[in-house]
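The values are calculated or read from the model by the stated rules, or taken from the named source; none is laboratory data. Predicted model only: the values in this text are computed from it and were never measured. Positions of Cβ are backbone-derived with ideal geometry, glycine not excepted, and every protein chain shown enters the neighbour counts. Just so you know, the surface numbers come from the protein's heavy atoms only, side chains and all, with ligands and any DNA or RNA stripped out. Shrake-Rupley method; radii C 1.70, N 1.55, O 1.52, S 1.80 Å.
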Amino acid sequence: MPGMESRFREVARDVPIPSPWNLTAYLDAVADHRGRPITLQPVDTALLTGTGCGTGSGLWIAKRDSDIVVYGADTTEWHAEHIIVHELGHMLLGHGPESATETPAPQPMSALAELLPSISAESIAYVLGRSDYTTARERDAETFADLVMLQAMRPQRRDSLLHRTFFRERLPRFPGPHAGD
């Protein structure tokens, strides 16, 4: 897993994980980084299950100019955040169609219409849902979500006295004009 850990560190440098953890702040940072808004859409988990839209956990719908993350609303807050971060992982790790000309395996439009009737089929560029965890992309997105959530749960680190002593901000030796100059 060293490859994914280094990729995670790279992504975390580009889009820092808020400390203390704040999902809204992280969503905003990912949206800013990608240059497109992200909307969360909680739905009844039963609508996700058995419709061809993944495993019943989450779904990323990339529209032409924005993204929608669909997740089961009837789960714990922590699990919902993990599902959302998994989908953000797909975005930040560059998942989606393998190439610009490839279109992903089509999701049943009737299932999407049932999930989100306000979204037209024409506005959807692609849909990425979890079908299982056997693909490298799914494992990477799941590992990404695990690493973000572990980082989010870590207590805030306070600088030690030693760190503050040796790494304090250095002041200029002569901090400006003196009286009488």
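General observations
- Counted charge near Trp21, where neighbours are those whose Cβ lies closer than 13 Å (Asp, Glu -1; Lys, Arg +1): -1
- Karplus (6.51, -1.76, 1.60) ³J(HN,Hα), θ = phi - 60°, over the stretch 66-81, in Hz, Gly and Pro reported as x: 7, 10, 10, 10, 9, 8, x, 7, 9, 10, 5, 4, 4, 5, 4, 5
- Accessible-area order (highest first, 1.4 angstrom probe) of the listed residues Thr76, Thr135: Thr76, Thr135
- For Gln41, the residues whose amide H sits under 5 Å from its own are Val69, Val70, Tyr71, ignoring neighbours fewer than 5 places away on the same chain, with H placed 1.01 Å from N.
- Applied to the stretch 6-17, the Karplus parametrisation 6.51 cos²θ - 1.76 cosθ + 1.60 on θ = phi - 60° returns per-residue 3J(HN,Hα) values of 5, 5, 4, 4, 4, 5, 5, 6, 6, 10, x, 7 Hz, with x for Gly and Pro.
- Note, ³J(HN,Hα) from phi for the stretch 23-33, Karplus 6.51, -1.76, 1.60, rounded to Hz, x at Gly and Pro: 4, 4, 5, 5, 4, 4, 5, 5, 4, 4, 4
- Probe 1.4 Å, all protein chains present, accessible-area order of His95, His90, largest first: His95, His90
- Accessible area, probe 1.4 Å, largest first, for residues Arg7, Arg36, Arg13, Arg154: Arg13, Arg154, Arg7, Arg36
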